[in-house]
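The values are calculated or read from the model by the stated rules, or taken from the named source; none is laboratory data. Because the structure is a prediction, the values reported are computed rather than measured. With ideal geometry, Cβ positions are generated from the backbone for all residues, glycine too; neighbour counts draw on all protein chains shown.
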Amino acid sequence: MPWSNRKAWVFDMDGTLTHAVHDFTAIKRQLGLPTHQPILESLRAMTPARAEPIEKALADIEYEIAGEAEASPGCEALLQRLQEAGCRMGVLTRNTRRNALRTLEVSGLRSYFEDDWILGRDEAEPKPDPAGIHHLLEAWQIPARQAVMLGDAIFDLQAGRAAGVLTVYVDQEGTFEHRRWADYCVRTPEEVETLWAGVG
Ligand SMILES: [Mg+2]
């Protein structure tokens with residue numbers, strides 16, 4: 001299917017819309033969490049009483065990082081093109097919604113996304129669960145075959161696959177470790193814009 005028929009675009013935020021700056025291993029160490037599993041999954045395995053202060057500390061660390069967010073190369077050009085083409089665009093992040101709003105504001109991308117289409121870890125079951133993608137597609141009344149999930153982490157691609165949408169893997173390093181989950185591999189959103197422009 002040509003790119004121009006893809007009417008629904010769901011974006012991961014950190015490291016996809018923005019430059020990758022989160023050092024998750026360092027954050028895990030700072031929070032005293034095991035480094036071999038993802039942060040949210042470690043927190044889920046704890047009692048609420050134990051997890052709560054760590055969740056708060058995590059949100060604070062991520063809030064600080066959000067204050068320095070920068071859009072990734074070509075991101076704005078892509079969002080602009082999609083907006084002009086009348087596409088629906090949403091953000092689905094494992095970060096909090098509050099931090100997502102701040103990140104988008106600081107990086108100059110806030111105006112591309114309507115409030116209701118910015119989902120954090122408390123608005124939908126976090127990726128790799130596809131719930132957030134389902135929620136957006138249902139709200140937009142757009143079938144999965146016309147939708148795209150873009151992300152830099154394996155969770156993004158797994159969520160996209162589970163939802164039956166096209167998966168685009170953004171890896172600024174260009175190593176594409178999780179390529180088996182991806183329909184397309186790009187280094188930056190700029191390349192997606194080129195694909196859109198070139199293939200039509
Ligand atoms: Mg990411």
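Which is within 15 Å of the ligand (Cβ to nearest atom) and at pLDDT below 95, of 67, 15?
Testing whether each residue is within 15 Å of the ligand (Cβ to nearest atom) and at pLDDT below 95 leaves just 15.
Return the total of residues in region 151-200 being small (Gly, Ala, Ser) and within 17 Å of the chain's Cα centre (by Cα).
Within region 151-200, residues that are small (Gly, Ala, Ser) and within 17 Å of the chain's Cα centre (by Cα) number 8.
Does region 1-8 contain at least one residue that is within 13 Å of the ligand (Cβ to nearest atom), under 20 Å from residue 159 (Cβ atoms) and within 15 Å of the chain's Cα centre (by Cα)?
no
Testing residue 165 on (1) in contact with a helix residue (DSSP H, G or I) (Cβ under 6 Å, 6 or more places away or on another chain); (2) aliphatic (A, V, I, L, M); (3) within 19 Å of residue 14 (Cβ to Cβ); (4) at pLDDT 95 or above, one condition comes back false. Which one is that?
Going through the list (1) in contact with a helix residue (DSSP H, G or I) (Cβ under 6 Å, 6 or more places away or on another chain); (2) aliphatic (A, V, I, L, M); (3) within 19 Å of residue 14 (Cβ to Cβ); (4) at pLDDT 95 or above, residue 165 breaks only (3).
Checking the structure you have, find out if any residue of region 121-131 is of a type outside the set (Phe, Trp, Tyr), without any contact (Cβ under 8 Å) to a residue 12 or more places away in the chain and either within 20 Å of residue 72 (Cα to Cα) or assigned by TED's automatic domain parsing to the domain that holds residue 60 (or both).
no
For region 157-200, give me the residue count where each residue is at positive phi and hydrophobic (A, V, I, L, M, F, W, C).
Total satisfying the criteria: 1.
To keep it simple, each residue is scored yes or no on (1) acidic (Asp, Glu); (2) exposed (fewer than 12 other Cβ atoms within 10 Å of the Cβ); (3) more than 15 Å from the chain's Cα centre (by Cα); (4) not assigned by TED's automatic domain parsing to the domain that holds residue 143.
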{"position": "12", "(1), (2), (3), (4)": "yes, no, no, no"}
{"position": "29", "(1), (2), (3), (4)": "no, no, yes, yes"}
{"position": "84", "(1), (2), (3), (4)": "yes, yes, yes, no"}
{"position": "89", "(1), (2), (3), (4)": "no, no, no, no"}
{"position": "117", "(1), (2), (3), (4)": "no, no, no, no"}
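If a residue counts only when it is hydroxyl-bearing (Ser, Thr, Tyr) and within 14 Å of the ligand (Cβ to nearest atom), which helices (runs of 4 or more DSSP H) contained entirely in region 85-200 have at least 1 such residues?
Once the helices (runs of 4 or more DSSP H) in region 85-200 are filtered for at least 1 residues that are hydroxyl-bearing (Ser, Thr, Tyr) and within 14 Å of the ligand (Cβ to nearest atom), what remains is 97-106.
Just name the residue that is nearest to residue 8 (Cα to Cα) out of those in region 81-110 that are of a type outside the set (A, V, I, L, M, F, W, C) and without any contact (Cβ under 8 Å) to a residue 24 or more places away in the chain.
84
Just the residues that are part of a loop (DSSP other than H, G, I, E, B) and either more than 15 Å from the ligand (Cβ to nearest atom) or loosely packed, with under 11 Cβ neighbours inside 10 Å (or both), please, taken from region 31-57.
Residues satisfying the conditions are 32, 33, 34, 35, 36, 37, 45, 46, 47.
Of the numbered conditions (1) assigned by TED's automatic domain parsing to the domain that holds residue 170; (2) free of Cβ contacts under 8 Å to residues at least 12 places away in the same chain, residue 44 satisfies every one except a single condition; which is it?
All conditions pass for residue 44, except number (1).
Is there any pair with a first residue in region 180-197 that is under 23 Å from residue 162 (Cβ atoms) and a second that is surrounded by 16 or more Cβ atoms within 10 Å (Cβ to Cβ) and hydroxyl-bearing (Ser, Thr, Tyr) whose Cβ atoms are under 6 Å apart and which are 6 or more apart or on different chains, and what are they?
Partner pairs satisfying both residue conditions: 182/167; 182/169; 183/167; 185/169; 189/72.
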